[in-house]
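The structure appears below as structure tokens.
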Amino acid sequence: MSAPTIESVHAVLEKVIDPEIRRPITELGMVRSVEVDDDGDVVVGIDLTTAGCPLKDTITRDVTTTVAELAGVTGVHVAMGVMSDEQRKALKTQLRGGTPEPEIPFSKPGSLTRIYAVTSGKGGVGKSTVTANLAVSMARQGLKVGVLDADIYGFSIPRMLGVELPPTKVDDMILPPVAHDVKVISIGMFVQDRRPVVWRGPMLHRALQQFLADVFWGDLDVLLLDLPPGTGDVAISVAQMLPRSEILVVTTPQIAASEVAERAGTIAEQTHQHVVGVVENMSWFEGPDGTRTEVFGSGGGQQVADQLTSTLGYDVPLMAQLPLEVAVREAGDGGTPATISDSAASSPAAAELTNLAAALGTRARGLAGRSLGVTPV
Ligand SMILES: Nc1ncnc2c1ncn2[C@@H]1O[C@H](COP(=O)(O)OP(=O)(O)O)[C@@H](O)[C@H]1O
Ligand SMILES: [Mg+2]
């Protein structure tokens, strides 16, 4: 058998996808060189974006196995290098679609990314659980999904999605880690030693701006934001930076919880954001004999939906009621959300969340709160 040609090695390398940027390494200028000797021994020179790239081993393995499948190859060696400043600059410009300076891609007029800000009146109602499950479920349904965890008081998204690696930085551009096919950025990834974060408004605003502009999100169908509970600075910043974002309110059936949830929802009136609906979580617990116990009372979700409908003047539906389930909590703790875990088939909560993901993922974007781009004459 004769040795493969250099061209055929290049061609097969197009199949190797950078795990963070999610584009072929050939397209990203990462393939520095290809050498093939007469015996079919191949040396591939790869330039990483940064020297400490945590995915070095993954890339090495993918290159090795991919090239090894080529007919006539007897051995594969990967020679790792690092991009020069020039190369990195070119890559950044390429990733930003030709613009050298960071800007928020989702607030550009032509952006088709649907943005849902998941909010609640108070903590512990399941906002992050809902966010994580919707994200992975939408990704499973074929959408390109990103999650931004902006909950400074209780960032829990990395654990729920099982993200272990920190983001990689290419100069000032941040490449988000990918978990279950979802790009994930959390404020918790930028906190040292898991110390509690006490950030004031302007710092939060800047951090959020960075997460939106400096993170390489690529072309997303859906961006989900896990907001801190309540109606604080982050919610206002999100409304300013992402005026097209829509709000999904999470509450429990408890009337006290629903009153604060309503307040979180009505902020939309001031910010002109659209409230897409309400999710009631922890609605009941079903015992082995099928009897339902309403641990947190009942009616809270419907009450929030009705109240928001009347305040905002358009239909804000109660989109889902999720039972309390041990499997949901376990799945969250284990890093594989319930909707895609092994026990998903026997979980009513997972089924509800999957339906909700389908509904939100395929929804046409409403016109409410959006500029139509016309100027009156
Ligand atoms: N439907 C549910 N069944 C069982 N446990 C749940 C459910 N929803 C949330 N939990 C658990 O409740 C806790 C709080 O949920 P979390 O999503 O972190 O709330 P929030 O983000 O609103 O603070 C977590 O431990 C989570 O696993
Ligand atoms: Mg949370």
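The values are calculated or read from the model by the stated rules, or taken from the named source; none is laboratory data. Remember, it's a predicted structure, so these values are computed and weren't measured experimentally. So basically every Cβ, Gly included, is an ideal-geometry build from the backbone, and we count neighbours across all protein chains shown. To get the accessible areas, we keep the full protein, side chains included, count just its heavy atoms, and leave off ligands, DNA and RNA. Shrake-Rupley method; radii C 1.70, N 1.55, O 1.52, S 1.80 Å.
Would you be able to say whether some residue in region 76-93 is under 24 Å from the mean Cα position of the chain (by Cα) and not charged (D, E, K, R)? Checking region 76-93: at least one residue is under 24 Å from the mean Cα position of the chain (by Cα) and not charged (D, E, K, R). Scanning region 87-110 for residues that are touching a strand residue (DSSP E or B) at 6+ places or on another chain (Cβ under 9 Å) and either within 13 Å of ligand 2 (Cβ to nearest atom) or part of a helix (DSSP H, G or I) (or both) returns Gln87, Arg88, Leu91, Lys92, Leu95, Phe106.
Determine whether Val238 is open to solvent by less than 10 Å² (accessible area, probe 1.4 Å), in the same structural domain as Val178 (by TED's automatic domain parsing), in contact with a strand residue (DSSP E or B) (Cβ under 7 Å, 6 or more places away or on another chain) and farther than 30 Å from Glu103 by Cβ. For Val238, the condition - open to solvent by less than 10 Å² (accessible area, probe 1.4 Å), in the same structural domain as Val178 (by TED's automatic domain parsing), in contact with a strand residue (DSSP E or B) (Cβ under 7 Å, 6 or more places away or on another chain) and farther than 30 Å from Glu103 by Cβ - is not met.
Would you check if Gly146 is within 16 Å of ligand 2 (Cβ to nearest atom), at pLDDT 90 or above and small (Gly, Ala, Ser)? Against the criterion (within 16 Å of ligand 2 (Cβ to nearest atom), at pLDDT 90 or above and small (Gly, Ala, Ser)), Gly146 does not qualify.
Every residue in region 226-235 that is touching a Ser or Thr at 6+ places or on another chain (Cβ under 7 Å) and either open to solvent by less than 10 Å² (accessible area, probe 1.4 Å) or within 17 Å of Ile157 (Cα to Cα) (or both), please. Result: Asp226, Leu227, Pro229. Within region 155-183, being open to solvent by less than 30 Å² (accessible area, probe 1.4 Å), within 14 Å of ligand 2 (Cβ to nearest atom) and in contact (Cβ under 8 Å) with a residue 40 or more places away in the chain holds for Ile157, Leu161.
Counting the residues of region 262-275 that are β-branched (Val, Ile, Thr) and open to solvent by less than 10 Å² (accessible area, probe 1.4 Å) gives 1.
Let's see how each residue does on (1) surrounded by 13 or more Cβ atoms within 10 Å (Cβ to Cβ); (2) touching a Pro at 6+ places or on another chain (Cβ under 7 Å); (3) in the same structural domain as Lys169 (by TED's automatic domain parsing):
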| site | (1), (2), (3) |
| --- | --- |
| His10 | yes, no, no |
| Val16 | yes, yes, no |
| Ala51 | no, no, no |
| Lys56 | yes, no, no |
| Val67 | yes, no, no |
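Just one of the listed residues (Ala179, Ala90) is within 29 Å of Pro348 (Cβ to Cβ) and either away from ligand 1 (no atom under 13 Å from the Cβ) or of a type outside the set (A, V, I, L, M) (or both), namely Ala179. Here is the figure for region 211-243: residues that are away from ligand 2 (no atom under 16 Å from the Cβ), more than 21 Å from Val170 (Cβ to Cβ) and part of a helix (DSSP H, G or I) total 6.
State yes or no: is Thr60 surrounded by 15 or more Cβ atoms within 10 Å (Cβ to Cβ) and in contact (Cβ under 8 Å) with a residue 60 or more places away in the chain?
No: the conditions fail for Thr60.
Residues of region 111-135 that are away from ligand 2 (no atom under 16 Å from the Cβ), touching a helix residue (DSSP H, G or I) at 6+ places or on another chain (Cβ under 8 Å) and either assigned to a helix (DSSP H, G or I) or open to solvent by 30 Å² or more (accessible area, probe 1.4 Å) (or both): Arg114 alone.
Here's a check for you: in region 18-49, which residue that is polar (S, T, N, Q) and not in a strand (DSSP E or B) is surrounded by the most Cβ atoms within 10 Å (Cβ to Cβ)? Here the residue is Thr49. Quick one: which of Glu259, Glu246 is among the acidic types (Asp, Glu), away from ligand 2 (no atom under 16 Å from the Cβ) and over 22 Å from the mean Cα position of the chain (by Cα)? Answer to the check: Glu259.
Please enumerate the residues belonging to region 133-161 that are closer than 21 Å to Pro348 by Cβ, over 9 Å from the mean Cα position of the chain (by Cα) and either of a type in the set (Lys, Arg) or away from ligand 1 (no atom under 12 Å from the Cβ) (or both). Once the filter is applied, which keeps residues that are closer than 21 Å to Pro348 by Cβ, over 9 Å from the mean Cα position of the chain (by Cα) and either of a type in the set (Lys, Arg) or away from ligand 1 (no atom under 12 Å from the Cβ) (or both), region 133-161 yields Ser137, Met138, Arg140, Gln141.
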